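Engineer: Quick one: structure below, then a few questions.
The numbers here are math on the coordinates, done by the rules we state, and not lab data. None of these values were measured; they are calculated from a predicted model. Note that each Cβ is placed from the backbone with ideal geometry, even for glycine, and that neighbours are counted across all protein chains shown.
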Amino acid sequence: MSSELATVLDLGSTKIACLAACYGKSGALDIRAAATAECKGVRRGVVADLDETSAAITVAIQRAEQQLGEDIGSLVVGIAGSHLEGVNAQGFVPIYPRSRTITREDVLQVINHSRQVVLPPDREQIEAIPREFRIDGQRGIQRPIGMSGGRLEVVTYLVTGQTTHLQNVEKAVSMAGRQVEQMVLQPLASGLGVLTAEELDLGVVVADVGGGTTDVAVFSGGSIAFSASLPIGGQLVTSDLSKLLKTSPDEAERLKTEAGCALARLVGEKESVTVTQLGQAEARPLQRRVLCEIIESRMREIAKMVWQQIERSGLNGMLPGGIVLTGGGSRLSGSADLFGDVLKNMRVRVGEPDVDGKAHGGYSFATAVGLARYALDSFEDELVPASGVTDWKQKIRTLWSVIRT
Ligand SMILES: Nc1ncnc2c1ncn2[C@@H]1O[C@H](COP(=O)(O)OP(=O)(O)OP(=O)(O)O)[C@@H](O)[C@H]1O
Ligand SMILES: [Mg+2]
């Protein structure tokens, strides 16, 4: 376990979050700084306005620097968007002479071998996460260094993204005068932020219902097996309310957070709320059930899309850890009940990061906390090619196992 400081940036669709953290003496994650800045430059996980995004990155980082009392130069950045893809890739290397001890170089070589896939010219690899090593066919090995064998195999989860979108993230960070240390899938990070070791071991889904995206990651056998970043989230719920109830976006957001419920039947028929419509000076009463029916219809769509992804993963029925909801959208009252209604037979809980230290805003920091864990856990075993490589994309920063021991 590393005692280094991790500095991370979560590019969310409603806010940029910057966090600095290290492992404390007890082994728990100690949050040394946690700051956000409102940002409208990221849409559905993708940088849509460079100036706005880099300005918000600057504000979030400066706020974190003030708490930390030191400058932040480079960061691990969480990225989302439907352009990201994860595939399972395989690599193998023969060990000569047979049965000698497997070294770090062998592991580097086998991971590199798994990365030899042909990509379309507009896509790049950003991560290769070993899911499982095999030695002479024996499966389920997490740390092969020091073991003996004649043939080393690996299954990695290879993440690729569209070059232009990745470049825009790098540009936004460099316009803010900082450097990208590594890009990490937001769905993976959200999982690391909120899942327990037991859930990871059992097999579990995390759904981070954010503002512009809902990030889904499926974990099996202690490692990530599937992920998707869906272009739908809490902002759509708000815009539905604003359109259908003819209110300002702010009034719609207030109604949603103060009186919303994701499962309308949980709300009494006689309950009422007051709504100020556009162009009206006076607020009018509205049946709360009607408000919640609008919310439910969009939340149900989100839950169904999450269900489709679980089915696509092929791991449906092998996830006794159930589903853990996080992100700002999961704070909506009744969200766990609604997901329970749609994802029949799955255990549902709402989860926020469990950390020590500074107030960190709970659910909205799930990704940032997971990024910090990723950065700290991967530092220790980072595999870097021997020659002087300066670009992070040529390094293989990899996480041995998502289960922390
Ligand atoms: N108490 C609440 N009830 C309902 N919704 C809420 C509540 N608090 C926050 N939200 C919603 O959560 C969303 C923002 O969540 P979050 O901070 O996780 O998003 P983000 O990380 O900026 O975006 P993304 O992950 O989609 O890129 C907003 O749509 C907001 O309306
Ligand atoms: Mg988010």
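Engineer: Can you work out the Karplus-derived ³J(HN,Hα) for every residue in the stretch 237-244? Use 6.51 cos²θ - 1.76 cosθ + 1.60 with θ = phi - 60°, whole Hz, and x for glycine or proline.
Structural biologist: Running phi through 6.51 cos²θ - 1.76 cosθ + 1.60 with θ = phi - 60° gives 4, 4, 6, 4, 4, 5, 6, 6 Hz.
Engineer: Out of residues 5 or more away from Glu127 or on other chains, whose amide H comes under 5 Å of its own, with H placed 1.01 Å from N in the peptide plane?
Structural biologist: Val159
Engineer: For Ile95, enumerate residues with amide H under 5 Å from its amide H, sequence gap 5+ or separate chain, H modeled in the peptide plane.
Structural biologist: Amide H neighbours of Ile95, under 5 Å, 5+ apart: Arg151, Leu152.
Engineer: Between Lys15 and residues 5 or more places away or on another chain, which pairs have amide H atoms under 5 Å apart, with H built 1.01 Å from N, and which residues are they?
Structural biologist: Cys39
Engineer: In debye, nearest 20, what is the charge dipole magnitude of the stretch 1-77 about its Cα centre with +1 on Lys and Arg Cβ and -1 on Asp and Glu Cβ, if you could check?
Structural biologist: 280 debye
Engineer: Using each residue's phi in the stretch 222-233, evaluate 6.51 cos²θ - 1.76 cosθ + 1.60 at θ = phi - 60° and report the 3J(HN,Hα) Karplus result to the nearest Hz, with x for Gly and Pro.
Structural biologist: x, 9, 6, 10, 6, 8, 7, 10, 8, x, 8, x
Engineer: Let me ask you something else. Extension gain Ser239-Glu271, at 0.36 nm per residue separation less the Cα-Cα distance, in nm?
Structural biologist: Gain on stretching Ser239 to Glu271: 9.2 nm.
Engineer: Quick one: give the max-minus-min coordinate of the C-alpha atoms of the chain along each principal axis, largest first, in Å.
Structural biologist: 82, 47, 46
Engineer: Okay, next question. How long is the gain from Gln62 to Ser248 if the chain were fully straight, where each residue apart is worth 0.36 nm and the alpha carbon distance is subtracted?
Structural biologist: 63.8 nm
Engineer: Once every DSSP H run of n ≥ 4 in the chain is given -39500 (n - 2.57) and the sum is divided by its residues, what mean residue ellipticity at 222 nm do you get, rounded to the nearest 500 deg cm²/dmol?
Structural biologist: -10000 deg cm²/dmol
Engineer: Let me confirm the definition first: pairs of Lys residues in the chain, 8 or more apart or on different chains, C-alpha distance under 21 Å. How many are there?
Structural biologist: 15
Engineer: Quick one: go through the stretch 194-226 and flag any residue whose amide nitrogen is under 16 Å from the point 7 Å out along the Cα-to-Cβ line of Asp49.
Structural biologist: Under cut-off, by backbone N: 212.
Engineer: Tell me the label-point distance for the pair Lys304, Leu278, using the 7 Å Cα-to-Cβ offset, in nm and rounded to one decimal.
Structural biologist: 2.8 nm
Engineer: What's the FRET efficiency of Lys171 with Glu4 using the Cβ-Cβ distance as r and R₀ = 35 Å, to the nearest 0.05?
Structural biologist: That gives a FRET efficiency of 0.85.
Engineer: Further question: Multiply the residue gap between Glu38 and Arg123 by 0.36 nm, knock off their C-alpha separation, and tell me the result in nm, one decimal place.
Structural biologist: 27.6 nm
Engineer: Let me ask you something else. Can you give me the distance in nm between label points at Gln116 and Ser82, each placed 7 Å from the Cα along the Cα-to-Cβ direction?
Structural biologist: If labels sit at Gln116 and Ser82, their model points lie 3.5 nm apart.
Engineer: Counting just the Cα atoms, what span does the stretch 85-159 cover along each of its three principal axes? Round to the nearest Å and put the largest first.
Structural biologist: Principal extents (Cα only, largest first): 41, 21, 17 Å.
Engineer: Now for a different question. Roughly how far apart, in whole Å, are the Cα centres of the stretch 223-285 and the stretch 118-157?
Structural biologist: Here the answer is 45 Å between Cα centres.
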